[in-house]
Structures are given as structure tokens and as C-alpha cells.
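What follows is a set of notes on a single structure, which appears directly below.
Derivation of every value follows stated rules applied to the coordinates shown; laboratory data play no part. As the structure is a prediction and not an experimental result, all values here were calculated from the model. Using ideal geometry, Cβ is built from the backbone for each residue, glycine included, and neighbour counts are taken over all protein chains shown.
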Amino acid sequence: MSALSVAEQERGMVRVFALDMPERDLARLTNPGQTDPSPQATVAMLVGLDWLEEGGFEIFETDVLGELGLAGYLRDGGGVAEETLAAAKMRLNAFDGPVLILYSRAFGGKAATLTPGPGVTHLGSFAEDSPPVIYEKLPSAAASGAPVSGAAPEPAKPNPHLNVLLAILALPLAAIIIGLIFYGVLK
């Protein structure tokens, strides 16, 4: 299989791979034990890398998708447009077995070259459907840089309740100090 390139700062790509591996190895990926390597490290090794960002991939059996199918999962769960999946829909839905889905965030914005190892077959790469960004004028005059009408707000006035609280706390302290002075003078 030929190598797949990942561009620097890539966003919005979903790569799908079929995994052909023994059931026990797949179980170690989806539910690792205490002594197993992290799934992150193992998946990186499967695609010929030495690192992957956490949370940038999924591994599951396609039979858990039921009638939705792999193409439906990529559309509904992966954000891939129906039109983008049209050419590969039949092939994706016909696939039955474990899959690895790699999202662009798995590469952390770094360029990479994927060289899938034995038992890892590239099923397709798909662009996520991202709506165009529309900049609308904000309705407030403040948003356009217009000066705000009116004078600047007055600074907050001190709370009278705080003054009462301080007086209540200071009076017993003052009484103790005066008592100590009288006690020292009269002694």
C-alpha cells in the first residue's frame, strides 16, 4: 500500500482503515489491560507513526452500527457530507469487521506520512462537511466603534452595611484595649 500524506495544520479529514488482526489483539486495543501498551501507541504503530494525539481515533466492529452502516456513521457521527460519501457508500456499508477511524486532530497539527502496516487497509479518506463562515454585521452601535452615549458610570458607593459590620467588630476590640490600659495603670 502506498503512503498517505497528512498536511501540516490539517483540519477536517477523516481516514478510515480496515483492521485485519486476531480477536485478542483487537480486544487489547479496545479494552487494554494493565500490562498492555496504550491504544494510542499501538494505533500509531499500526499506521507507521511513533505518536498520535489522544482522542484522535476510534476503533470498533462495524456490526455494532446495525442498519446505520459505516457510511451512515461517518455522515452522522463523523460530519462527512452525504455527497462526499456517495462514491464509497456501497463499499463502506459492505465492509464487515473492525475499523480504525483517524481524525485530523490525531496528528496535532503536524505533518505526517502514514504507512499502514500489515493487516491495515485504507478504505478511504473523507473531508468533513464544514459550513462556510458568514460574517454578519452586529446590530449594536457599540460593535461598529461608535462612542457610547452618556457620561461614564459613577463609581460604586461604599456599602453602609459594611461600615456597621466593621463598627460592631471594632467596638469589642477597643473595649479590650482600654481595659488592658486601665488594668496596667491601676496595678
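Mind checking the angle between helix 160-186 and the chain's longest principal axis? C-alpha axes, 0 to 90 degrees, to the nearest 10.
Helix 160-186 sits at roughly 50 degrees to that axis.
For a footprinting-style exposure proxy, rank ASP96, ASP36 by other Cβ within 10 Å, fewest first.
ASP96, ASP36
If you take the beta carbon distance between MET90 and ALA127 as r and set R0 to 22 Å, what does 1/(1 + (r/R0)^6) give as a FRET efficiency, to the nearest 0.05?
Approximately 0.70, to the nearest 0.05.
Taking K and R as +1 and D and E as -1, what net charge do the other residues with C-beta under 12 Å from the C-beta of LEU70 add up to?
-3
Stokes-Einstein at 20 °C, 1.002 mPa s, Kirkwood radius from Cα pairs: D for the chain in µm² s⁻¹?
Translational D for this selection: 97 µm²/s.
Setting aside same-chain residues fewer than 8 positions from LYS110, which aspartates and glutamates have a Cα under 15 Å from its Cα?
GLU8, GLU10, ASP50, GLU53, GLU54
How do ARG105, ARG24 line up, fewest other C-beta atoms within 10 Å first?
So the ranking, lowest neighbour count to highest, is ARG24, ARG105.
If amide hydrogens are placed 1.01 Å from N in the peptide plane, which non-local residues have theirs closer than 5 Å to the one on GLU53?
PHE107, GLY108
Report the charge-dipole magnitude of the chain in Debye, nearest 20, computed about the Cα centre from +1 at each Lys and Arg Cβ and -1 at each Asp and Glu Cβ.
On the way: 12 positive and 21 negative charges, 236 e Å.
The calculated dipole for the chain is roughly 1140 debye.
Which one, THR30, ALA174, ALA111, is farthest towards the positive end of the dipole of the chain when Lys and Arg carry +1 and Asp and Glu -1 on their Cβ?
ALA174
Work out, step by step, the length gained on full extension between GLN34 and ALA167: first 0.36 nm times the residue separation, then minus their alpha carbon distance; give nm to one decimal.
41.6 nm
Take LYS89, LYS110, LYS187 and order them by how many other Cβ atoms sit within 10 Å, fewest up front.
Least crowded to most crowded, the residues run LYS187, LYS110, LYS89.
Between GLU83 and ALA27, take the C-beta separation as r, use R0 = 45 Å, and let me know the FRET efficiency to the nearest 0.05.
0.80
Would you work out which of ALA87, ALA41, ALA71 lies farthest towards the positive end of the dipole of segment 9-100? Charges go on Cβ: Lys and Arg +1, Asp and Glu -1.
Value computed over the given set: ALA87.
How high is the FRET efficiency from ALA7 to ALA41, r the C-beta distance, R0 22 Å, rounded to 0.05?
Calculated transfer efficiency: 0.40.
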